[in-house]
1. Within the stretch 101-131, restricting attention to residues that are at pLDDT below 80 and of a type in the set (Ser, Thr, Tyr), which residue is surrounded by the most Cβ atoms within 10 Å (Cβ to Cβ)?
2. Which condition breaks for Ser98 when tested against (1) surrounded by 11 or more Cβ atoms within 10 Å (Cβ to Cβ); (2) modelled with pLDDT under 90; (3) polar (S, T, N, Q); (4) assigned to a helix (DSSP H, G or I)?
3. I'm trying to understand the selection: among the residues of the stretch 1-33, which are modelled with pLDDT of 50 or more and either loosely packed, with under 15 Cβ neighbours inside 10 Å or among the polar types (S, T, N, Q) (or both)?
4. Of all the residues that make up the stretch 61-77, how many are part of a helix (DSSP H, G or I) and touching a residue at least 24 places away in the same chain (Cβ under 8 Å)?
5. Looking at (1) assigned to a helix (DSSP H, G or I); (2) surrounded by fewer than 13 Cβ atoms within 10 Å (Cβ to Cβ), can you tell me which one Ala55 breaks?
6. Output the residues belonging to the stretch 42-70 that are farther than 16 Å from Leu107 by Cα and modelled with pLDDT of 90 or more.
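The values are calculated or read from the model by the stated rules, or taken from the named source; none is laboratory data. Keep in mind that this is a model prediction, so the values were computed, not measured. In this analysis, Cβ positions are derived from the backbone assuming ideal geometry, glycine residues included, and neighbour counts consider all displayed protein chains.
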Amino acid sequence: MQLQLLIFLALVSVAVSQPPGDMCLKDNNVTHAELEALSPNTPVENVAPNIKCYAKCLLRDYIGDDNKLSLERVGDNANAQEKVVLQQCMSQYDGVSSTAPCDYGYLLLQCLTLRTEPKRSVEIGYVYNKS
């Protein structure tokens with residue numbers, strides 16, 4: 001079974017008129033086919049830079065002044081369980097220094113995906129029901 005990179009719908013802001021996932025796809029020249037072909041187990045060094053920057057784009061509203069995810073900025077966009085997982089992922093990756101500017105966002109979303117088993121999953125901007 002082909003795995004897909006998944007994120008929580010709660011993390012995708014709907015504050016802008018165009019869905020953020022669509023805007024981030026366009027801004028980073030990423031296609032749905034590229035996302036569907038990507039396994040969540042793919043090591044960050046093997047992921048195309050535009051896909052990593054797409055992940056960073058999705059998180060942009062939740063990144064603090066220190067360029068790290070801010071649970072305060074996430075606010076009510078995540079439930080208590082999601083915040084626990086976010087904190088675990090932040091603990092794992094907040095200290096990682098990388099030369100690639102978009103690795104952190106990708107690593108956080110990858111971590112969220114691998115640590116959760118949602119009954120209904122969201123493929124970076126679009127809802128799919130698991131069967």
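1. Taking the stretch 101-131 and keeping what is at pLDDT below 80, we get 116-131.
Cutting the leftovers down to of a type in the set (Ser, Thr, Tyr) gives us 116, 121, 126, 128, 131.
Working: Thr116: 14, Ser121: 19, Tyr126: 15, Tyr128: 12, Ser131: 3.
For the stretch 101-131, the residue satisfying everything is Ser121.
2. Ser98 satisfies all of (1) surrounded by 11 or more Cβ atoms within 10 Å (Cβ to Cβ); (2) modelled with pLDDT under 90; (3) polar (S, T, N, Q); (4) assigned to a helix (DSSP H, G or I) except (4).
3. From the stretch 1-33, those modelled with pLDDT of 50 or more are 19-33; that's our starting set.
Within the stretch 1-33, Pro19, Asp22, Lys26, Asp27, Asn28, Asn29, Thr31, His32, Ala33 qualify.
4. The total comes to 4.
5. Of everything listed in (1) assigned to a helix (DSSP H, G or I); (2) surrounded by fewer than 13 Cβ atoms within 10 Å (Cβ to Cβ), Ala55 misses just condition (2).
6. Once the filter is applied, which keeps residues that are farther than 16 Å from Leu107 by Cα and modelled with pLDDT of 90 or more, the stretch 42-70 yields only Asp61.
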